[in-house]
Amino acid sequence: MKALKKEGRCAVLDKRVSAFVISLDFELFWGVRDHSTINRYGANILGERQAIPAMLEVFREREIACTWATLGVLFARNRDDLKKYIPEIRPQYANPALDPYRDIDQLGHDQRDDPYHFAPDLLDMIQAIDRQEIATHTFGHFYCLEKGATPQAFGSDLDAATAIMARNGLKPDSIVFPRNQYADPFIQECAVRDIFAYRGNESHPIYATSAKAEQAKWQRAMRLTDAYLNLTGAHVQHPARDCERKSVNVASSRFLRPYSNRLAVIEGLRRTRILSAMDAAVENGGVFHLWFHPHNFGINLDNNLNTLRIIVDHFVHLREKYGWQNLTMREVGLAALR
(Lines give C-alpha, C1' and ligand atoms only; values in the text may rest on other atoms or scores of the structure.)
Protein backbone atom coordinates (compact mmCIF):
# COMPACT_ATOMS: atom_id res chain seq x y z
CA MET A 1 0.00 0.00 0.00
CA LYS A 2 1.10 3.55 -0.69
CA ALA A 3 1.51 5.92 2.26
CA LEU A 4 0.68 9.60 1.96
CA LYS A 5 0.89 12.64 4.22
CA LYS A 6 -2.23 14.74 4.54
CA GLU A 7 -2.77 17.67 6.93
CA GLY A 8 -0.08 16.37 9.25
CA ARG A 9 -1.65 12.95 9.60
CA CYS A 10 -0.67 9.66 8.00
CA ALA A 11 -3.20 8.42 5.44
CA VAL A 12 -3.10 5.08 3.65
CA LEU A 13 -4.66 4.43 0.28
CA ASP A 14 -6.30 1.04 0.64
CA LYS A 15 -5.87 -0.90 -2.62
CA ARG A 16 -7.88 -3.88 -1.41
CA VAL A 17 -11.33 -2.35 -1.84
CA SER A 18 -12.89 -2.35 -5.31
CA ALA A 19 -16.60 -1.57 -5.47
CA PHE A 20 -19.45 0.41 -6.97
CA VAL A 21 -20.88 2.87 -4.43
CA ILE A 22 -23.95 5.08 -4.67
CA SER A 23 -24.65 7.80 -2.09
CA LEU A 24 -27.64 10.13 -2.10
CA ASP A 25 -27.98 13.48 -0.33
CA PHE A 26 -31.53 13.24 1.03
CA GLU A 27 -32.62 16.69 2.17
CA LEU A 28 -35.94 17.82 0.59
CA PHE A 29 -36.24 21.63 0.56
CA TRP A 30 -33.82 22.08 3.48
CA GLY A 31 -30.90 21.64 1.08
CA VAL A 32 -31.82 24.55 -1.19
CA ARG A 33 -33.73 26.87 1.16
CA ASP A 34 -30.93 29.46 1.38
CA HIS A 35 -30.77 30.10 -2.38
CA SER A 36 -34.17 29.13 -3.79
CA THR A 37 -37.89 29.29 -3.02
CA ILE A 38 -40.72 26.81 -3.03
CA ASN A 39 -42.25 28.69 -5.96
CA ARG A 40 -39.07 28.16 -7.96
CA TYR A 41 -38.01 24.70 -6.79
CA GLY A 42 -41.10 23.18 -5.21
CA ALA A 43 -41.87 21.02 -8.25
CA ASN A 44 -38.53 19.25 -7.80
CA ILE A 45 -39.30 18.55 -4.15
CA LEU A 46 -42.78 17.21 -4.83
CA GLY A 47 -41.34 15.19 -7.69
CA GLU A 48 -38.73 13.80 -5.30
CA ARG A 49 -41.54 12.15 -3.37
CA GLN A 50 -42.34 10.19 -6.56
CA ALA A 51 -38.70 9.67 -7.51
CA ILE A 52 -37.67 7.95 -4.28
CA PRO A 53 -40.14 5.02 -4.52
CA ALA A 54 -39.21 4.63 -8.19
CA MET A 55 -35.47 4.57 -7.39
CA LEU A 56 -36.03 2.10 -4.58
CA GLU A 57 -37.80 -0.22 -7.00
CA VAL A 58 -34.79 -0.05 -9.35
CA PHE A 59 -32.48 -0.86 -6.42
CA ARG A 60 -34.71 -3.69 -5.18
CA GLU A 61 -35.02 -5.34 -8.59
CA ARG A 62 -31.27 -5.26 -9.22
CA GLU A 63 -30.16 -5.85 -5.61
CA ILE A 64 -28.34 -2.52 -5.39
CA ALA A 65 -26.98 -1.24 -2.08
CA CYS A 66 -27.14 2.51 -1.53
CA THR A 67 -26.18 5.00 1.17
CA TRP A 68 -28.90 7.56 1.94
CA ALA A 69 -27.22 10.50 3.67
CA THR A 70 -30.26 11.92 5.42
CA LEU A 71 -30.85 15.19 7.25
CA GLY A 72 -31.93 14.65 10.82
CA VAL A 73 -34.79 17.14 10.43
CA LEU A 74 -36.49 14.76 7.99
CA PHE A 75 -37.08 12.23 10.77
CA ALA A 76 -39.29 14.63 12.72
CA ARG A 77 -42.96 13.63 12.87
CA ASN A 78 -44.13 17.24 13.00
CA ARG A 79 -42.98 20.78 13.74
CA ASP A 80 -43.17 20.43 17.53
CA ASP A 81 -41.25 17.16 17.36
CA LEU A 82 -38.54 18.85 15.31
CA LYS A 83 -38.17 21.64 17.87
CA LYS A 84 -37.34 19.08 20.58
CA TYR A 85 -34.18 18.09 18.71
CA ILE A 86 -32.79 21.48 17.65
CA PRO A 87 -29.07 21.47 18.60
CA GLU A 88 -28.11 23.10 21.88
CA ILE A 89 -25.32 25.04 20.14
CA ARG A 90 -26.57 26.58 16.92
CA PRO A 91 -24.20 27.85 14.23
CA GLN A 92 -23.83 31.61 14.19
CA TYR A 93 -23.42 32.04 10.46
CA ALA A 94 -22.26 35.45 9.22
CA ASN A 95 -24.95 35.08 6.56
CA PRO A 96 -28.22 34.71 8.54
CA ALA A 97 -29.96 33.18 5.52
CA LEU A 98 -27.98 29.99 6.19
CA ASP A 99 -29.66 29.47 9.58
CA PRO A 100 -32.20 26.65 9.05
CA TYR A 101 -34.02 27.36 12.32
CA ARG A 102 -34.90 31.04 11.99
CA ASP A 103 -38.15 30.38 10.06
CA ILE A 104 -39.10 27.14 11.76
CA ASP A 105 -42.43 28.47 13.07
CA GLN A 106 -43.53 29.04 9.49
CA LEU A 107 -43.33 25.34 8.61
CA GLY A 108 -46.50 23.31 8.23
CA HIS A 109 -47.56 21.03 11.07
CA ASP A 110 -46.42 17.73 9.53
CA GLN A 111 -45.73 16.03 6.21
CA ARG A 112 -49.39 16.18 5.21
CA ASP A 113 -49.42 19.97 5.61
CA ASP A 114 -45.83 20.42 4.51
CA PRO A 115 -44.39 17.78 2.14
CA TYR A 116 -41.34 20.00 1.54
CA HIS A 117 -39.79 19.59 5.00
CA PHE A 118 -40.88 16.29 6.60
CA ALA A 119 -40.27 12.75 5.34
CA PRO A 120 -40.93 9.98 7.91
CA ASP A 121 -43.01 8.13 5.29
CA LEU A 122 -40.16 8.12 2.77
CA LEU A 123 -37.70 6.98 5.42
CA ASP A 124 -39.97 4.05 6.24
CA MET A 125 -39.89 3.08 2.54
CA ILE A 126 -36.10 3.25 2.42
CA GLN A 127 -35.67 1.17 5.57
CA ALA A 128 -37.98 -1.50 4.16
CA ILE A 129 -35.57 -2.29 1.27
CA ASP A 130 -32.54 -4.51 1.87
CA ARG A 131 -29.04 -3.00 2.00
CA GLN A 132 -30.08 0.63 2.13
CA GLU A 133 -27.78 2.39 4.59
CA ILE A 134 -29.22 5.39 6.43
CA ALA A 135 -26.28 7.72 6.99
CA THR A 136 -26.27 11.29 8.23
CA HIS A 137 -26.20 14.51 6.24
CA THR A 138 -26.04 16.40 9.57
CA PHE A 139 -29.17 17.50 11.43
CA GLY A 140 -29.86 20.90 9.87
CA HIS A 141 -27.71 20.96 6.70
CA PHE A 142 -24.66 22.28 8.52
CA TYR A 143 -22.16 24.27 6.40
CA CYS A 144 -18.71 23.55 7.84
CA LEU A 145 -16.75 26.12 5.82
CA GLU A 146 -19.11 29.09 5.96
CA LYS A 147 -18.18 31.98 8.26
CA GLY A 148 -19.54 31.44 11.75
CA ALA A 149 -19.42 27.64 11.68
CA THR A 150 -17.40 26.04 14.48
CA PRO A 151 -16.49 22.45 15.35
CA GLN A 152 -18.37 22.85 18.65
CA ALA A 153 -21.61 23.81 16.87
CA PHE A 154 -21.03 21.01 14.37
CA GLY A 155 -20.62 18.50 17.18
CA SER A 156 -23.90 19.70 18.71
CA ASP A 157 -25.57 19.28 15.33
CA LEU A 158 -24.24 15.71 15.05
CA ASP A 159 -25.55 14.94 18.54
CA ALA A 160 -29.02 16.10 17.49
CA ALA A 161 -28.87 14.01 14.31
CA THR A 162 -27.73 10.97 16.24
CA ALA A 163 -30.48 11.39 18.86
CA ILE A 164 -33.35 11.61 16.39
CA MET A 165 -31.97 8.67 14.39
CA ALA A 166 -31.63 6.59 17.56
CA ARG A 167 -35.36 6.97 18.11
CA ASN A 168 -35.81 5.08 14.83
CA GLY A 169 -33.36 2.39 15.89
CA LEU A 170 -30.57 3.81 13.71
CA LYS A 171 -26.97 4.84 14.35
CA PRO A 172 -24.99 6.74 11.68
CA ASP A 173 -21.68 5.21 10.63
CA SER A 174 -21.25 7.40 7.54
CA ILE A 175 -21.63 11.08 6.77
CA VAL A 176 -21.94 13.24 3.70
CA PHE A 177 -21.05 16.85 4.48
CA PRO A 178 -23.57 19.37 3.07
CA ARG A 179 -22.26 21.19 -0.01
CA ASN A 180 -19.23 18.88 0.29
CA GLN A 181 -17.71 21.29 2.82
CA TYR A 182 -15.35 19.64 5.27
CA ALA A 183 -12.05 20.12 7.06
CA ASP A 184 -10.00 18.15 9.56
CA PRO A 185 -11.58 19.55 12.79
CA PHE A 186 -15.05 18.58 11.56
CA ILE A 187 -13.90 15.11 10.51
CA GLN A 188 -12.52 14.75 14.04
CA GLU A 189 -15.94 15.57 15.51
CA CYS A 190 -17.34 12.71 13.46
CA ALA A 191 -14.59 10.32 14.50
CA VAL A 192 -15.14 10.84 18.23
CA ARG A 193 -18.79 9.89 17.66
CA ASP A 194 -17.81 6.72 15.77
CA ILE A 195 -18.97 8.11 12.42
CA PHE A 196 -16.05 6.64 10.50
CA ALA A 197 -16.83 6.90 6.76
CA TYR A 198 -17.19 10.21 4.96
CA ARG A 199 -17.49 11.24 1.34
CA GLY A 200 -14.59 13.40 0.27
CA ASN A 201 -14.29 15.20 -3.05
CA GLU A 202 -12.54 14.25 -6.26
CA SER A 203 -8.81 14.97 -6.13
CA HIS A 204 -8.67 17.80 -8.66
CA PRO A 205 -8.64 21.59 -8.13
CA ILE A 206 -12.03 22.12 -9.77
CA TYR A 207 -13.58 19.91 -7.07
CA ALA A 208 -11.74 21.40 -4.09
CA THR A 209 -13.89 21.89 -1.00
CA SER A 210 -14.62 25.54 -0.19
CA ALA A 211 -17.22 27.98 1.07
CA LYS A 212 -19.83 28.86 -1.53
CA ALA A 213 -18.54 32.42 -2.05
CA GLU A 214 -15.05 31.08 -2.78
CA GLN A 215 -16.17 28.92 -5.70
CA ALA A 216 -15.18 30.61 -8.94
CA LYS A 217 -17.41 30.61 -12.00
CA TRP A 218 -14.68 28.94 -14.03
CA GLN A 219 -14.65 26.01 -11.57
CA ARG A 220 -18.40 25.50 -11.96
CA ALA A 221 -18.08 25.71 -15.75
CA MET A 222 -15.26 23.18 -15.74
CA ARG A 223 -17.26 20.79 -13.55
CA LEU A 224 -20.17 20.99 -15.96
CA THR A 225 -17.90 20.31 -18.92
CA ASP A 226 -16.19 17.47 -17.08
CA ALA A 227 -19.56 15.74 -16.69
CA TYR A 228 -19.69 15.29 -20.47
CA LEU A 229 -16.04 15.32 -21.57
CA ASN A 230 -13.14 13.62 -19.80
CA LEU A 231 -11.15 16.59 -18.52
CA THR A 232 -9.97 15.19 -15.17
CA GLY A 233 -9.86 11.42 -15.50
CA ALA A 234 -12.00 8.54 -14.25
CA HIS A 235 -11.56 9.35 -10.54
CA VAL A 236 -11.29 5.71 -9.57
CA GLN A 237 -10.83 6.06 -5.83
CA HIS A 238 -8.89 4.14 -3.20
CA PRO A 239 -10.33 4.78 0.28
CA ALA A 240 -7.95 6.87 2.37
CA ARG A 241 -7.70 5.41 5.89
CA ASP A 242 -6.49 7.68 8.68
CA CYS A 243 -3.71 6.13 10.75
CA GLU A 244 -4.35 8.04 13.98
CA ARG A 245 -8.12 7.83 14.16
CA LYS A 246 -10.66 5.46 12.72
CA SER A 247 -11.98 7.34 9.71
CA VAL A 248 -12.08 6.57 6.00
CA ASN A 249 -12.46 8.94 3.07
CA VAL A 250 -14.80 7.18 0.63
CA ALA A 251 -14.23 9.88 -1.96
CA SER A 252 -16.60 10.83 -4.74
CA SER A 253 -15.96 9.81 -8.33
CA ARG A 254 -18.83 11.47 -10.17
CA PHE A 255 -21.89 13.61 -9.52
CA LEU A 256 -24.82 12.32 -11.58
CA ARG A 257 -26.15 15.55 -13.03
CA PRO A 258 -29.86 15.62 -13.77
CA TYR A 259 -31.18 15.24 -17.28
CA SER A 260 -31.17 18.54 -19.16
CA ASN A 261 -33.51 19.26 -22.04
CA ARG A 262 -31.06 21.91 -23.17
CA LEU A 263 -28.20 19.38 -23.33
CA ALA A 264 -30.24 16.39 -24.49
CA VAL A 265 -28.30 16.20 -27.77
CA ILE A 266 -25.12 15.25 -25.85
CA GLU A 267 -26.81 13.06 -23.26
CA GLY A 268 -24.90 10.06 -24.57
CA LEU A 269 -21.59 11.69 -23.62
CA ARG A 270 -22.69 12.05 -19.99
CA ARG A 271 -23.59 8.38 -19.76
CA THR A 272 -20.44 7.21 -21.53
CA ARG A 273 -18.33 9.31 -19.14
CA ILE A 274 -19.79 7.35 -16.21
CA LEU A 275 -19.82 3.87 -17.75
CA SER A 276 -16.21 4.11 -18.93
CA ALA A 277 -15.12 5.18 -15.43
CA MET A 278 -16.92 2.17 -13.98
CA ASP A 279 -14.98 -0.04 -16.42
CA ALA A 280 -11.75 1.61 -15.26
CA ALA A 281 -12.58 0.82 -11.63
CA VAL A 282 -12.96 -2.85 -12.50
CA GLU A 283 -9.84 -2.97 -14.67
CA ASN A 284 -7.59 -1.14 -12.25
CA GLY A 285 -9.17 -2.08 -8.93
CA GLY A 286 -10.77 0.68 -6.92
CA VAL A 287 -14.00 2.38 -5.98
CA PHE A 288 -16.33 4.18 -8.36
CA HIS A 289 -18.54 6.40 -6.17
CA LEU A 290 -21.60 7.97 -7.80
CA TRP A 291 -23.71 10.53 -5.98
CA PHE A 292 -26.67 12.86 -6.48
CA HIS A 293 -29.70 14.32 -4.72
CA PRO A 294 -33.09 12.62 -5.05
CA HIS A 295 -34.60 16.04 -5.83
CA ASN A 296 -32.39 16.11 -8.95
CA PHE A 297 -34.84 13.49 -10.28
CA GLY A 298 -37.88 15.56 -9.26
CA ILE A 299 -38.52 16.76 -12.81
CA ASN A 300 -37.82 14.81 -16.01
CA LEU A 301 -38.30 11.73 -13.83
CA ASP A 302 -38.59 9.23 -16.70
CA ASN A 303 -35.40 10.46 -18.36
CA ASN A 304 -33.48 10.47 -15.08
CA LEU A 305 -34.71 6.99 -14.15
CA ASN A 306 -33.70 5.72 -17.57
CA THR A 307 -30.16 6.98 -16.98
CA LEU A 308 -30.07 5.38 -13.53
CA ARG A 309 -31.24 2.05 -14.98
CA ILE A 310 -28.52 2.17 -17.64
CA ILE A 311 -25.87 2.77 -14.99
CA VAL A 312 -27.00 0.06 -12.57
CA ASP A 313 -27.58 -2.40 -15.42
CA HIS A 314 -23.98 -1.80 -16.48
CA PHE A 315 -22.93 -2.55 -12.91
CA VAL A 316 -24.98 -5.77 -13.00
CA HIS A 317 -23.12 -6.73 -16.19
CA LEU A 318 -19.77 -6.08 -14.50
CA ARG A 319 -20.90 -7.98 -11.41
CA GLU A 320 -21.89 -11.01 -13.46
CA LYS A 321 -18.80 -10.96 -15.68
CA TYR A 322 -16.08 -9.99 -13.20
CA GLY A 323 -17.61 -10.43 -9.74
CA TRP A 324 -17.46 -6.67 -9.05
CA GLN A 325 -19.19 -5.81 -5.80
CA ASN A 326 -21.57 -3.07 -4.76
CA LEU A 327 -21.07 -1.65 -1.26
CA THR A 328 -22.46 1.07 0.95
CA MET A 329 -20.17 3.77 2.34
CA ARG A 330 -20.31 2.00 5.70
CA GLU A 331 -19.21 -1.29 4.15
CA VAL A 332 -16.32 0.36 2.28
CA GLY A 333 -15.23 2.03 5.51
CA LEU A 334 -15.31 -1.23 7.45
CA ALA A 335 -13.34 -3.04 4.73
CA ALA A 336 -10.69 -0.30 4.70
CA LEU A 337 -10.37 -0.31 8.50
CA ARG A 338 -9.70 -4.03 8.72
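The values are calculated or read from the model by the stated rules, or taken from the named source; none is laboratory data. In this text the structure is predicted, and so the values were computed from the model without any measurement. All Cβ positions, even for glycine, are placed from backbone atoms using ideal geometry, and neighbour counts span all protein chains on display.
Here is how the numbers come out for the structure above:
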read-out: Long-range neighbours under 7 Å by Cβ, at least six apart or interchain, first residue surrounded by fewer than 17 Cβ atoms within 10 Å (Cβ to Cβ) within region 320-338, second of a type in the set (Phe, Trp, Tyr); value: LEU337/PHE196
read-out: Of all residues in region 71-97 being assigned to a helix (DSSP H, G or I) and in contact with a Gly (Cβ under 8 Å, 6 or more places away or on another chain), the one that is surrounded by the fewest Cβ atoms within 10 Å (Cβ to Cβ); value: ARG79
read-out: Out of SER23, SER18, sole residue that is closer than 20 Å to VAL250 by Cβ, more than 19 Å from the chain's Cα centre (by Cα), at pLDDT 95 or above and surrounded by 19 or more Cβ atoms within 10 Å (Cβ to Cβ); value: SER18
read-out: Selection within region 80-139 - closer than 20 Å to GLY298 by Cα and of a type in the set (Phe, Trp, Tyr); value: TYR116, PHE118
read-out: Within region 236-258, tally of residues that are modelled with pLDDT of 95 or more and over 19 Å from THR328 (Cβ atoms); value: 2
read-out: Residues located in region 26-42, provided they are surrounded by 24 or more Cβ atoms within 10 Å (Cβ to Cβ) and of a type in the set (A, V, I, L, M, F, W, C); value: PHE26, LEU28
read-out: Every pair of residues 6+ apart whose Cβ atoms lie under 7 Å, when the first sits in region 3-19 and is farther than 30 Å from PHE315 by Cβ while the second is at pLDDT below 80 and outside any strand (DSSP E or B); value: ARG9/CYS243; ARG9/GLU244; CYS10/CYS243; CYS10/GLU244
read-out: Residues of region 192-218 that turn out to be surrounded by fewer than 16 Cβ atoms within 10 Å (Cβ to Cβ) and assigned to a helix (DSSP H, G or I), as a count; value: 6
read-out: Complete set of residues in region 127-147 that are within 12 Å of ARG90 (Cα to Cα) and surrounded by fewer than 15 Cβ atoms within 10 Å (Cβ to Cβ); value: none
read-out: Region 60-86 residues that are in contact (Cβ under 8 Å) with a residue 24 or more places away in the chain, paired with ones that are of a type in the set (Asp, Glu) and in a strand (DSSP E or B) (beta carbon under 8 Å, 6 or more apart); value: ALA65/GLU133; CYS66/GLU133; THR67/GLU133; TRP68/GLU133; ALA69/ASP25; ARG77/ASP110; ASN78/ASP110; ARG79/ASP110
read-out: Residue in region 25-44 that is assigned to a strand (DSSP E or B), within 30 Å of GLU244 (Cα to Cα) and touching a helix residue (DSSP H, G or I) at 6+ places or on another chain (Cβ under 8 Å) present; value: yes
read-out: Odd one out for ASP103, checked against (1) closer than 25 Å to PHE292 by Cα; (2) in contact with a Lys or Arg (Cβ under 9 Å, 6 or more places away or on another chain); value: (1)
read-out: Positions within region 232-246 being assigned to a loop (DSSP other than H, G, I, E, B) and either within 29 Å of ASP173 (Cα to Cα) or free of Cβ contacts under 8 Å to residues at least 12 places away in the same chain (or both), in sequence order; value: ALA234, HIS235, VAL236, HIS238, PRO239, CYS243, GLU244, ARG245, LYS246
read-out: Residues being over 24 Å from LEU308 (Cβ atoms), more than 21 Å from the chain's Cα centre (by Cα) and not basic (Lys, Arg) - total across region 223-269; value: 2
read-out: Lone qualifier among GLU48, GLU61 - being in a helix (DSSP H, G or I), among the acidic types (Asp, Glu) and more than 27 Å from CYS144 (Cα to Cα); value: GLU61
read-out: Residues satisfying the stated conditions in region 98-109, i.e. surrounded by 18 or more Cβ atoms within 10 Å (Cβ to Cβ) and out of contact with any helix residue (DSSP H, G or I) (no Cβ under 7 Å at 6 or more places or on another chain); value: LEU98
read-out: Test: residue in region 272-295 that is acidic (Asp, Glu) and farther than 30 Å from TYR116 by Cα; value: yes
read-out: Among (1) free of Cβ contacts under 8 Å to residues at least 24 places away in the same chain; (2) part of a loop (DSSP other than H, G, I, E, B) - the single one HIS317 does not satisfy; value: (2)
read-out: Options GLY155, GLY169; residue that is farther than 23 Å from THR232 by Cβ and without any contact (Cβ under 8 Å) to a residue 12 or more places away in the chain; value: GLY169
